[in-house]
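Read the structure below first, then the notes.
FYI, it's all coordinate maths here, none of it is from the lab. Predicted, not measured: the structure shown is a model, and the values here were computed from it. Cβ coordinates were reconstructed from backbone atoms using ideal geometry, including for glycine residues, and neighbour counts include every protein chain displayed.
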Amino acid sequence: MFEIVAERPQDAAPREALLDLVFGAERQKRTVYRLRGGTAPAPGLSLVALENGAFRGSLRFWPVSVYGARAPLLLGPLAVDPARHGQAIGVALVRRGLRAAAANAHDLVLVVGEPAYYARFGFSSAAVLGLSLPGPVDENRFLVLAIGGALAHRIGGPVGRADRTAFDSISGDPAS
């Protein structure tokens, strides 16, 4: 059986090795890395899956900016040890992460991923809302979830890197 815990410093090396295995060594050239570059993951939202103490999966969330959203996040990367696929580790990581994001007053989560996989969590097309990413992406894989089911205001436009000062004041973390 596996457990989901907060990411720890000793998880950095196995996380990076797993991400290279799952997404390839060229993964950092993808559009979503442009949004993550130079930004720390969202505080308290980096999770790992352990099985008898062994590293089996990872999920992180990153602050981004979206016009009209209060505290939007970019989900990913989500990675699970290929030998453990089909054991609901990824599902458990995403569910735990989304609950934590909601508890921390985040109102919007974006992801570039498989629509059929993320639909179970309530994600739908981001393009319908007029959202775009700063680089090439398969529009069918660009998805959005309004935490709590609906946004109280209109969102749209290009997704950008987060303004850390604004994000930190919303999340309650002191500005660095």
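Between residue 102 and residue 8, the FRET efficiency from the beta-carbon distance, with R0 = 30 Å, is close to 0.85.
Sorting 101-110, 86-95 by their mean Cβ neighbour count within 10 Å, with the most densely packed peptide first, gives 101-110, 86-95.
Scalar couplings 3J(HN,Hα) for region 4-13, obtained by applying the Karplus form with A = 6.51, B = -1.76, C = 1.60 to θ = phi - 60°, are 9, 9, 5, 4, 10, x, 6, 8, 4, 5 Hz; x denotes Gly and Pro. Rounded to the nearest Hz, the phi-derived 3J(HN,Hα) couplings of region 39-51 under the Karplus curve 6.51 cos²θ - 1.76 cosθ + 1.60 (θ = phi - 60°) are 10, 7, x, 4, x, x, 10, 9, 10, 10, 10, 10, 10, where x marks glycine and proline. Entry note, the chain: relative contact order of 23 percent, from Cα contacts under 8 Å with a spacing of 6+ residues. The label-point distance for residue 28 and residue 139, in a model that sets each label 7 Å from Cα toward Cβ, rounds to 3.2 nm.
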